1. Identify the single condition in (1) within 24 Å of residue A:204 (Cα to Cα); (2) at pLDDT below 95; (3) more than 14 Å from chain B (Cβ to nearest Cβ) that residue A:620 does not satisfy, given that it satisfies every other one.
2. Looking at region A:638-654, can you tell me whether even one residue there is in contact with a helix residue (DSSP H, G or I) (Cβ under 9 Å, 6 or more places away or on another chain), assigned to a loop (DSSP other than H, G, I, E, B) and within 14 Å of chain B (Cβ to nearest Cβ)?
3. Considering region B:109-130 alone, what residues qualify as being farther than 18 Å from residue B:400 by Cβ and within 7 Å of chain A (Cβ to nearest Cβ)?
4. Scan region A:317-337 and report the pairs whose first residue is farther than 13 Å from residue A:357 by Cβ and whose second residue is loosely packed, with under 14 Cβ neighbours inside 10 Å, with Cβ atoms within less than 7 Å and a gap of 6+ or a chain change.
5. Name the residues in region A:685-697 that are surrounded by fewer than 21 Cβ atoms within 10 Å (Cβ to Cβ) and in contact (Cβ under 8 Å) with a residue 60 or more places away in the chain, would you?
6. Quick one: which helices (runs of 4 or more DSSP H) sit completely within region A:742-839 and have at least 2 residues that are more than 28 Å from residue A:717 (Cα to Cα) and assigned by TED's automatic domain parsing to the domain that holds residue A:699?
7. I'm trying to understand the selection: among the residues of region A:559-577, which are surrounded by 23 or more Cβ atoms within 10 Å (Cβ to Cβ) and assigned to a strand (DSSP E or B)?
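The values are calculated or read from the model by the stated rules, or taken from the named source; none is laboratory data. Computed from a predicted structure; not experimentally measured. Cβ placement follows ideal geometry from the backbone for every residue including glycine, while neighbour counts extend to all protein chains displayed.
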């Protein structure tokens, strides 16, 4: 498929513009966003779509938010936004859940007690004055940056600190050393032919994942990955090396030596260097080295030098959109020295992320914490003020490539003391006006007065407010090398963001807590990841508790031996061990951040590990191999699979005169990001069952993503929805006709008819049917539920419906050719195709003709409508 | 019947039902009654909270429920098969053992019949499996084995209770007469109503014999069909280990030791508990024990057939699925307890009451484990990769199992207390035949 917007995307946005022009002039609250298209504002059946922006790590991703009756129910990617391209990830998909979370704070607290209405004015009054310290997360928002600058100017001697637990200081230091500027590398995976990742995880979760994954799928560079702990990129690598953190610098230096890079201060040798260097040299200017978190500044700098030496055309440099702000360490010191009396913490939680922060912050007389929840920091602060969810307030943002976008509210604010981040800074400045005014002010400054209104309308409509920033042209400095103190061998702690919770910012999202992590398969908790060799040496089994000691601090954690983990490297996933912030996140897993040094290092040597002899019950949803070997097929390049040959059947044949819905899932494109699984959960009101029932094997996810092990500890990921078999084994065994075949080939489930014999689940060879062992309706029946999908009572079966309600809606609107399931819509690499098999030109019909196409368990004669495209690997099956 | 004992009097049999309860009887009633209360609580919790109180999951959607169902059917079948064969063959043993064998069958069928309803996700809608003219115009799916199962279990309940009841009519009349003679009119009426005005005329006897034989003949095919239907619930699925045509035969053959084991243990309880040693004598016990040993051989053959077909056949999937079952202990323990252990009864020295009880009960438990091996271990490895969590039965499931066993015991105790445990009319019939023989001599 060619890159950029498809005809489908164009149609969607065109329709949106027409609807919007029809709506212009409607009387609506000033502080409310502009829907792309919608009907019946303010009534219960209201159904609208807004283009807006959500942030991850301070960087924006454009989204389209569908609301019903004023409530956001589904977030999807905005095809026109470069950081989304129409796709979404687990964080975007779970935004409606956090918006409707009951534990969100609604009122101002002073020392933990509810403050009188209007008293928040006192909180801001106390902040104004000399020596104000403002702590924010990484800010790319032009408006927030402008207002922070204004606040600094208004209060002499004040400082802006940025707290970013996801920041990589070594990478910033290396960019400064190599180019003299704080720039970021934007890889162009379309232009790359060979890519070497040294601890980098471009396909893993992050603010640029959707764009990078789409580009990777389009360009399909050869992936060489060296990493300390398995990642999604490593899982998809053509060649993968598990390296101890100490080995990266010697490897990088050895590759640079092999390639003859100038300016190298010290050489080194590494057994893998020659072949990797040869691959890079062979690709020439189409080669690319990417470095990631956990690498020393030297490794980052060497990568810059090698990319420059090869003249790589597969990358460009952009100024970091969220750069700026002072570090946190000086603030901590100042607080300990009682030098801070005014502290504003805006939507950050350093008390969880930084070990000594809470104690130091306790010394500040007047600290104001503004956040959506009373988290660890909110408990220490003298004031806690409630913050709007991003979908409730005005703002703006920049994407990873600098593309700006406006964030417009799509839901009403709960009101009262709840304010947006922009409003909070306005209140600090003592300025009049609304958040919308402030954002407009920023962009009026950027665009000028002339055609501001039309540009503003256009930006709200498109969800994009301009172009990406132009690439900087930079020359490598001669003294780029940073031969620092190398990481010593031996047991090392390797901190890593949790794939679903990041550093803890998403710990309150039950969907993300419950969904098994792509590689560890852990649900509702984390574990210290060790190599199987390390575990065997120490006699550790999964769930055995160990005491980890690092730099005088120690904590207890269960271990999980993980294939592909580097020997003597212990990966500690962040994001768990929350002590505040709501019942979903509190008390889950262990608090890895407590061991992390104040400089935010990702790798720390000299870890000691001592088994305590106790055990912790881990919820690891690790699949065992099936009885049949070929669930996920892997073939060599150019290899063809035999075409589908239907086996004879005694069951009556069906005819499908109209549509014949089908799905094709490309295992070669799937990166295992789990976006489809969360999209399905959000779309279909799939309940969260909780840790106890997950441990019992009663998870309700309609779509599971299986992980199949490959050589070199790589993985093939396989999304498994219902197969919608034409000869469905579940249908004839149901005594009461609760599961039936429909005229378009859907295997339909009639919930009110089901009496719960569970025979259909026994007879489903794909194990895609889920049973309501308990009544989950009360917990799902919130305004975040999708009103188009029925809630299921206790005692009935449920399963993937191919989003039948979407098909119905599309039929009602006369656009059956554009119908997409929620999972297909979310997928960043378009690995999931959905459509009509009777339409020869549909993607799914063409996928069926692909020589890689196969049906799971074809030999059973179930004739599934869900087909797969085999994974292609060098060397083949 | 041995001839060295004095001719037994039927009065003793009726006496057992009419005399005051001893402390042992009270204890038995108390224990079984407590178990029935536990059953009631377990059922109430199940209906109130749902299947979630059990340990089931995906893929182990069935567990104790279907195991117990299949097992109780096996107990019922073996017991009524035994009773029916005795009636039809006019075997001497029938007078002694067939009545309580029938009673055991009925109690077991009732215990079994609990499960198909209780195991549903929404038990109150069980009647949707019946073909009744609903306003939706919707019929059950007649192709589903669960609909067949409904017919199977309801036919089983009907025929087994008919068999038991028809055999009981003359004795109910005897009890009515004795109670009336003692002036206990209320009790006499209670016995008289189900005695259907029996006066013991030749015409009554004639009709009774015809009816009794007919129902007994009905029982025989039913035994095959009931077990077959249960087996088909498994055999028609695509579960690799279950999808085998041999499964009905396997269920019938391996079901025998469980029922006979229970009947054997009950016979011992009857001999000692109700002092009916003359009616259930050594010869009867010997015969019963050897029958159990023979059933063990039949079951062993079924298991050999199972292992042979699974391990030797070409389809690697079925073989692997069976190997998963062999990896668990249940299958092996079943073979030992229900197949090998009863073989001890071929030695006369071991055919003693003290040994009958443990081996009979172990044989029954072994069959239960065979059903576990099939229902639980049989699905623990699906065809495709799946995060399988081992099935761990919850306290509620144990309560239901022990509760249904208590219900079984309670029903038998009531039977022993209020109704003649041994067929009086047949004992009297034998007595008169004996007298006739003596006269002829």
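1. For residue A:620, the failing item is (3).
2. Taking every residue of region A:638-654 in turn, at least one turns out to be in contact with a helix residue (DSSP H, G or I) (Cβ under 9 Å, 6 or more places away or on another chain), assigned to a loop (DSSP other than H, G, I, E, B) and within 14 Å of chain B (Cβ to nearest Cβ).
3. Within region B:109-130, B:125, B:128, B:129 meet the criteria.
4. Here the result reads A:317/A:472; A:318/A:472; A:319/A:472, each pair linking region A:317-337 to a residue that is loosely packed, with under 14 Cβ neighbours inside 10 Å.
5. Filtering region A:685-697 for residues surrounded by fewer than 21 Cβ atoms within 10 Å (Cβ to Cβ) gives A:690-693, A:695.
The answer is A:690, A:691, A:693, A:695.
6. Details: elements: A:759-762, A:777-780, A:804-812, A:822-826.
Ranges flagged: A:777-780, A:804-812.
7. A:559, A:560, A:569, A:570, A:571, A:572, A:573
A quick yes/no check of all residues on (1) without any contact (Cβ under 8 Å) to a residue 40 or more places away in the chain; (2) buried (at least 24 other Cβ atoms within 10 Å of the Cβ); (3) in a helix (DSSP H, G or I); (4) within 13 Å of another protein chain (Cβ to nearest Cβ):
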{"residue": "A:676", "(1), (2), (3), (4)": "no, yes, yes, no"}
{"residue": "A:681", "(1), (2), (3), (4)": "no, yes, yes, no"}
{"residue": "A:709", "(1), (2), (3), (4)": "no, no, no, yes"}
{"residue": "A:726", "(1), (2), (3), (4)": "no, no, no, no"}
